[in-house]
Amino acid sequence: MPKSRLRKKSDYTPPVTATAVKLSSGRNWVAPVMLALFLIGLVWIVTYYVTSGSYPVQAWGNWNILVGFGFIAAGFGVSTQWK
């Protein structure tokens with residue numbers, strides 16, 4: 001059986017890459033706004049229950065719950081912008 005030729009090249013060397021540059025996504029506002037909306041919604045609902053419907057807006061009645069969940073839903077909407 002014939003002997004295979006020996007390679008004259010050196011072993012594999014990975015290509016040289018440039019240093020990684022971290023680009024700012026410019027979305028530093030997303031996390032604070034998201035958390036603020038979550039907390040506002042939670043505080044709105046808890047305030048409504050603790051005060052037996054007297055606060056935050058007495059005339060709205062049970063619609064206060066929907067407003068609180070609206071803030072929470074807006075927080076989830078903002079969270080889709082997070083990278």
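Points to keep in mind about this one:
- Our coupling estimate for segment 67-83, obtained by passing each phi through the Karplus curve with A = 6.51, B = -1.76, C = 1.60 and θ = phi - 60°, is 4, x, 5, x, 4, 5, 5, 4, x, 5, x, 5, 5, 6, 8, 6, 10 Hz, Gly and Pro reported as x.
- On a per residue basis, the chain carries 89 Å² of accessible surface, using protein heavy atoms and a 1.4 Å probe.
- Calculated P(r) tail over 16 Å for segment 25-83, as whole % of Cα pairs: 45 percent
- Taking the protein heavy atoms of the chain in the context of the full set of protein chains, the accessible area attributed to carbon and sulfur is 66 percent at 1.4 Å.
- Split the chain at each of the chymotrypsin sites (Phe, Trp or Tyr not before Pro) in a DSSP loop with at most 16 other beta carbon atoms within 10 Å, and the longest piece is 30-81.
The values are calculated or read from the model by the stated rules, or taken from the named source; none is laboratory data. Just so you know, these numbers come straight off a predicted model, no measurement behind them. Positions of Cβ are backbone-derived with ideal geometry, glycine not excepted, and every protein chain shown enters the neighbour counts. Only protein heavy atoms, including side chains, enter the accessible area calculation; ligands, DNA and RNA are left aside. Shrake-Rupley method; radii C 1.70, N 1.55, O 1.52, S 1.80 Å.
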